[in-house]
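J.: Before anything else, here's the structure in question.
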Amino acid sequence: MSDLVPVVYYGGLLVLYFFWIYGIVSFGLDLKNKIVPGIQRYRRGRKRRDEKRTQNDERSTKEEQLY
């Protein structure tokens, strides 16, 4: 009986820490592969939108000056 207690204890810790570490690694990979690229795409889209907006504003001011 006394030999079984440490085996069960360490086995339980191994199972618990395996899923804990698996969750941390999974979260890190999700950040790397989904969240960060999504943020980068969002920033690029906003930058392009702002550039288009400034180009349209410049074009409209030039057209207004022509008329």
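Coordinate-derived values only; no laboratory data. Predicted model, so just to flag it, every value in this text is computed and none were measured. All Cβ positions, even for glycine, are placed from backbone atoms using ideal geometry, and neighbour counts span all protein chains on display.
J.: How tilted is helix 4-30 with respect to the longest principal axis of the chain? Cα atoms for both, answer in degrees (0 to 90, nearest 10).
T.: Tilt of helix 4-30: around 10 degrees.
J.: Give me the net charge for the shell around Thr54: Cβ to Cβ below 12 angstrom, other residues only, Lys and Arg +1, Asp and Glu -1.
T.: +2
J.: So between Arg43 and Leu66, what do we pick up on full extension, going 0.36 nm a residue minus the alpha carbon distance?
T.: Extra length from Arg43 to Leu66 when fully extended: 4.8 nm.
J.: Report, to the nearest 10°, how far helix 36-66 tilts away from the longest principal axis of the Cα atoms in the chain, using its own Cα long axis and a range of 0 to 90°.
T.: 10
J.: Ok, one more. How many nm is it between the label spots at Asp50 and Val36, if each spot is 7 Å from the Cα in line with the beta carbon?
T.: My value for the distance between the label points is 2.3 nm.
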